[in-house]
């Protein structure tokens, strides 16, 4: 495990109610989709860092790699990160954890596991990890078209129009996938009706999911439970993966602050065994889960 390093802020851009922070990190090894990093603004009065999904990353150079994070400023630590300026520095440790293994599984099976369709379901700041997923799929579609999904559907749900402004970050990647020969689409819905009819992202999922699909989801606990119910009712052959969140101090499995109870009663560290887990491991086989697996939500 590498030590944390000081990354330099390249830019900080307001995107509706969220902030996109791009940093240059020396010694950064490429993150897999769904992995995260522990971030702490240099000089922050907050004692502990916070975990954030890797939103996007560039190619590594001798000067380091450019890595982006999508941040919702809701507390002191996230406010410190969201108000950084170019040239400021951020303590960074990562990439950490286990990512979306389903993406690699589709590669190994030649993109023909089940229906070959991939659905990305995000709620609020839980959309953050999916740009790296799309970037990875695009690289694969260009290098090995036979390993690409047969179709990609991006389904996002937001609280309001301000939160939904982050949609603009994903449009170029979806368009690029289409240009590379992979049918891809982006749909969004807002609870307050800012994007048309009011509703939840699970309504879009109910209309879209089919037997044999692979679903990657990230969002609040209630959303994750609802996604699991929708997918189980669609059929046992829907493969579902969740990116979970829990309060953590170290990010490497030592502090045990992010331990959660799995469906079979075993314990797992979200930072180490996760943050991505198979749906059955979290919720069990029931179509109507009632026990919360632990604190989790919009990605790490």
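The values are calculated or read from the model by the stated rules, or taken from the named source; none is laboratory data. Please read these numbers as outputs of a predicted model, since none were measured by experiment. All Cβ positions, glycine included, derive from the backbone under ideal geometry; neighbour counts span all protein chains shown.
Residues that are out of contact with any strand residue (DSSP E or B) (no Cβ under 8 Å at 6 or more places or on another chain), under 20 Å from residue 100 (Cβ atoms) and assigned by TED's automatic domain parsing to the domain that holds residue 222, at least 2 per element: which helices (runs of 4 or more DSSP H) completely within segment 123-190 meet that?
Counting at least 2 such residues, we get 130-143, 171-179.
Among the residues of segment 196-216, is there at least one that is farther than 29 Å from residue 22 by Cα, part of a strand (DSSP E or B), in contact (Cβ under 8 Å) with a residue 40 or more places away in the chain and in contact with a helix residue (DSSP H, G or I) (Cβ under 8 Å, 6 or more places away or on another chain)?
yes
If I go through segment 159-183 residue by residue, how many of them are loosely packed, with under 12 Cβ neighbours inside 10 Å and touching a residue at least 40 places away in the same chain (Cβ under 8 Å)?
2
Tell me which residues, restricted to segment 230-256, are within 12 Å of residue 209 (Cα to Cα) and surrounded by 18 or more Cβ atoms within 10 Å (Cβ to Cβ).
Of everything in segment 230-256, those that are within 12 Å of residue 209 (Cα to Cα) and surrounded by 18 or more Cβ atoms within 10 Å (Cβ to Cβ) turn out to be 230, 231, 232, 234, 238, 239, 240.
How many residues are out of contact with any helix residue (DSSP H, G or I) (no Cβ under 9 Å at 6 or more places or on another chain) and touching a residue at least 60 places away in the same chain (Cβ under 8 Å) when one looks only at segment 49-80?
2
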